[in-house]
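See below for the structure under consideration.
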Amino acid sequence: MNTPVMPRPDLDLAARLFDTLYRNSFDGVGITRDTYGSGEQRAHDLIAATARELDLETAQDAALNLYVTLPGRDRDAPRAMTGSHLDSVPAGGNFDGAAGVIAGISVLAGWRRAGYVPSRDVVVMGVRAEESTWFPYSYLGSKAAFGKVARSILELKRSDTQRSLGEHLTECGGSPEQFGRAYLEPGRIARFIELHIEQGPVLVEAGIAIGIVTGIRGSFRYRDARAVGAYAHSGAVPRRNRRDAVRAAALLITALDEDWRRLEEGGRDLAITIGKLSTNPAQHAFSKVAGEIDICIDVRSLEARTLGEVDALLAQRVREIGAATNVSIVLGERSGSDPALMDATIQSEMGAAAKRRGIATRMMASGAGHDSAVFAQMGVPTGMIFVRNDFGSHNPDERMEMADFELGAVLLADMLSK
Ligand SMILES: [Zn+2]
């Protein structure tokens, strides 16, 4: 098969945009682009202004997501979309999210300059509010674009300002009355391809620049689980009379670890984390049986059935261990998200396109969440390109190389021109 002659993405423009974004959002330590605040807004303004200079169409929806369009030959055909988020965690890095938007803009800029007209409209989306550290809500911007948010979330408070989403939206030029209205129709989107830096060490360790994402893990969490027994003297109370909360928690953790090992050996994708475990410092003591302990449980998998099975297993372990130790274990409120598989055809197209271009790739799951999960769950054929990045993300040390970014952008262009 011949490599299609495609105009190159405009990498000089991409480098300038990364530099300007960095200068606009450096906080003295890292990068802060606060959701529905001045940091995120400056990034949106920069991308919109760049799009207008390139004579591309720009639009916004009721949640102030940004859409930049290069018109195609058939304007009625379902559109090809790409994009990512423009917000960041506090003191984060410059590439998490922004790389996906800048990759899309650099592709459209290259095409525009070369006079290349795609067969259908190609749209780059600058997504709002992906980082749930600001508002406690997953995928706020992309869900709002599909009209999949309740208007009540306008009352959510931003973690730093304690002011509502409605107020922040208004400050950025939005109108709370319109919020929640659907802008995107799944049937009108031919595909969504998101380029994002890898946030783990897999590609760096493998010495491979590009990852093809197979799916995005879903999760369930019990943030406020609790075991309650009874405080007692550590010497005077025999084993059979104890209601030891620490022992119950330890047995539960050990049982879950064994379940994890067994399921993983059976080929399941699974990660179980007890990220917090605390006795009450006001009451615990060296010479006391602990009467209470707080436990925080985070379970992730690519497979909905594995999440369901582990949740059922967890309930069973809670009953067994609770009965055996005479401790009441209460899991409390459950939150989480559904796993999202990337489209199989897109994965194989991506692999073939990379091969034609001599780009080495690795297939991999995404442990972190991305807006692509929402597109996939809405039924849009969705794919993700990971770009190698050292030192992880959500910190100021992200280190994506522009040479790796270029490979990702070239692959993105191939996937958008289909
Ligand atoms: Zn991200």
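Worth a mention:
- Note on the chain: with neighbouring protein chains present and a 1.4 Å probe, carbon and sulfur make up 50 percent of its accessible heavy-atom surface.
- Using θ = phi - 60° in the Karplus curve 6.51 cos²θ - 1.76 cosθ + 1.60, the 3J(HN,Hα) couplings for segment 183-192 round to 10, 9, 10, x, x, 9, 10, 6, 6, 10 Hz; x is entered for Gly and Pro.
- Three principal axis lengths of the chain [C-alpha, angstrom, descending]: 85, 49, 40
- Sequence of 337, 328 from largest to smallest accessible area, 1.4 Å probe: 328, 337
- Estimated FRET transfer efficiency (residue 334, residue 15; beta-carbon r; R0 30 Å; 0.05): 0.10
- Peptides 403-414, 13-24, 202-213, 129-140 ranked from most to least packed, by the mean per-residue count of other Cβ atoms within 10 Å: 403-414, 129-140, 202-213, 13-24.
- Shape category assigned to segment 267-309 from the gyration tensor of Cα positions, a/c cut at 1.5: prolate
- Amide H to amide H distances under 5 Å link residue 120 with 73, 74, where only residues 5 or more positions off or on other chains count and H is placed in the peptide plane.
- Beta-bridge orientation, the chain: approximately 65 percent antiparallel, per DSSP, counting only bridges with both partners inside.
- Highest-first packing order for the peptide set 102-111, 283-292, 299-308 is 102-111, 299-308, 283-292, based on the mean count of other beta carbon atoms within 10 Å.
- Amide H contacts of residue 276 (H built 1.01 Å from N, under 5 Å, at least 5 apart or other chain): 296
- For segment 1-157, the square roots a ≥ b ≥ c of the C-alpha gyration tensor eigenvalues yield an a/c of 1.5 or more together with a/b not exceeding b/c, which makes the shape oblate.
- Relative contact order for the chain: 22 percent, from Cα pairs under 8 Å spaced at least 6 residues apart, divided by residue count.
- Separation between Cα centres of segment 122-176 and segment 304-343, rounded to whole Å: 30
- Computed 3J(HN,Hα) for segment 121-136, one whole-Hz value per residue from the Karplus formula 6.51 cos²θ - 1.76 cosθ + 1.60 where θ = phi - 60°, is 4, 10, 10, 9, 9, x, 8, 8, 6, 8, 7, 7, 5, 8, 10, x, glycine and proline marked x.
- Taking all protein chains into account, the per residue accessible area for the chain stands at 43 Å² (1.4 Å probe).
- Cα gyration tensor category, rounded, prolate or oblate, for segment 164-233 with a/c compared to 1.5: oblate
- Nonlocal Lys pairs with alpha-carbon distance under 25 Å, the chain (8 or more apart, or different chains): 5
- Residues with amide H under 5 Å from that of residue 215, placed H, sequence gap 5 or more: 342, 366
- Near residue 162, once Lys and Arg are set to +1 and Asp and Glu to -1 for all other residues with Cβ below 15 Å from its Cβ, the sum equals -2.
- Charge tally for residue 55 (other residues, Cβ to Cβ under 12 Å; Lys, Arg +1; Asp, Glu -1): +1.
- Extension gain, residue 133 to residue 357, is 76.8 nm, computed as 0.36 nm per intervening residue step minus the present C-alpha separation.
- Residue-wise HN-Hα couplings along segment 397-405, as the Karplus relation 6.51 cos²θ - 1.76 cosθ + 1.60 with θ = phi - 60° gives them from phi, are 9, 2, 9, 7, 8, 4, 5, 5, 4 Hz; Gly and Pro carry x.
- Charge tally for residue 190 (other residues, Cβ to Cβ under 10 Å; Lys, Arg +1; Asp, Glu -1): +4.
The values are calculated or read from the model by the stated rules, or taken from the named source; none is laboratory data. None of these values were measured; they are calculated from a predicted model. Note that we place each Cβ from the backbone using ideal geometry, even for glycine, and neighbour counts take in every protein chain shown. Please note that ligands, DNA and RNA were not included when accessible areas were found on the heavy atoms of the full protein model with its side chains. Shrake-Rupley method; radii C 1.70, N 1.55, O 1.52, S 1.80 Å.
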